[in-house]
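Bear in mind these aren't lab numbers, they're just calculated from the coordinates by the rules spelled out. Everything quoted here is computed from the prediction, not taken from an experiment. A quick note on method: Cβ atoms are made from the backbone with ideal geometry, for glycine too, and the neighbour counts reach across all protein chains shown.
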Amino acid sequence: MDPTEARDPSPGRLLVSAGQIAVRIGELAAEIDAAYAGIDAPVVLLCVLKGSLFFTADLARALTIPLEIDAIAVRSYGAGTEPSGTVQLLKDVTTPLGGRHVLMVEDVIDTGLTTSFLHEHVARHRPASLRLVALLDKPGRRRREVRIDFRGFVLGGDFVVGYGLDLDERFRNLPGVHALDPG
């Protein structure tokens, strides 16, 4: 390798294994199915791209309620591991959400800035209900509080990669969640 090329940092220690994720998704699906029991119309799973893609796909397969899937994309990180503090909408929903039950699917709730931006944005569509499921929650990094209706795992403040989460588009394909080793 050319010494001037940047090397990927190690994905670091494993925090949540693929097996733990699979079990917890089954548990979350049961909680969500119970919460939406008796609703006639399909629930709209709103995947927050790109990080929630794997989680949304696995969760959708585990749910038994009627559902539709749409996606929204935002950018809140530039290059690196710290949020920029600015949230930019890159792709809006295409499904009409007015009067619909919407379940926003997030990979990780960190500072809360992105999630609160998305919640306010989606709420302007006037859904019948708007709930949030997050695979990972890092409450110690919160700068803005958000209500998480369904929570997978609570983590510390490490920057995490794997299972859809990335560092500059790398490491998304790791089957588990790892604390990034910056060294």
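Computed from backbone phi with θ = phi - 60° and the Karplus coefficients 6.51, -1.76 and 1.60, the 3J(HN,Hα) list for segment 171-177 is 6, 4, 7, 5, x, x, 9 Hz; x is used for glycine and proline. What you get for segment 69-171, charging only the Cβ of Lys and Arg (+1) and of Asp and Glu (-1), is a dipole of about 400 debye around the Cα centre. Amide H contacts of Gly12: Asp181, each under 5 Å away and 5 or more positions distant or on a separate chain (H built 1.01 Å from N in the peptide plane; Pro and chain starts excluded).
Considering only DSSP beta bridges where both residues belong to segment 48-151, give the percentage that are antiparallel (nearest 5). Mind dumping the intermediate values first?
Numbers: 4 of 16 bridges.
Taking every DSSP beta bridge within segment 48-151, about 25 percent pair in antiparallel fashion.
Given the DSSP H assignment, sum -39500 (n - 2.57) over each helix run of at least 4 residues in the chain and divide by its residue total; what's the result at 222 nm in deg cm²/dmol, nearest 500? Mean residue ellipticity at 222 nm (helix-derived): -7000 deg cm²/dmol.
How would you classify the chain from its alpha-carbon gyration tensor, with a ≥ b ≥ c the square roots of the eigenvalues: rounded for a/c under 1.5, else prolate if a/b is greater than b/c, otherwise oblate? Walk me through the numbers before you get to the answer.
Working: a/c = 2.02, a/b = 1.55, b/c = 1.31.
Note, shape of the chain comes out prolate.
Can you tell me the order of 125-135, 92-102 when each peptide is scored by its average per-residue count of other Cβ atoms within 10 angstrom, highest first?
On the way: 125-135: 19.7, 92-102: 15.0.
In decreasing order of mean packing, 125-135, 92-102 become 125-135, 92-102.
Most simply put, the chain has about 30% antiparallel DSSP beta bridges, counting only bridges with both residues inside it. Any chance you could check the Cα centroid distance between segment 109-183 and segment 37-58 for me, in angstrom? Here the two parts' Cα centres lie 15 Å apart.
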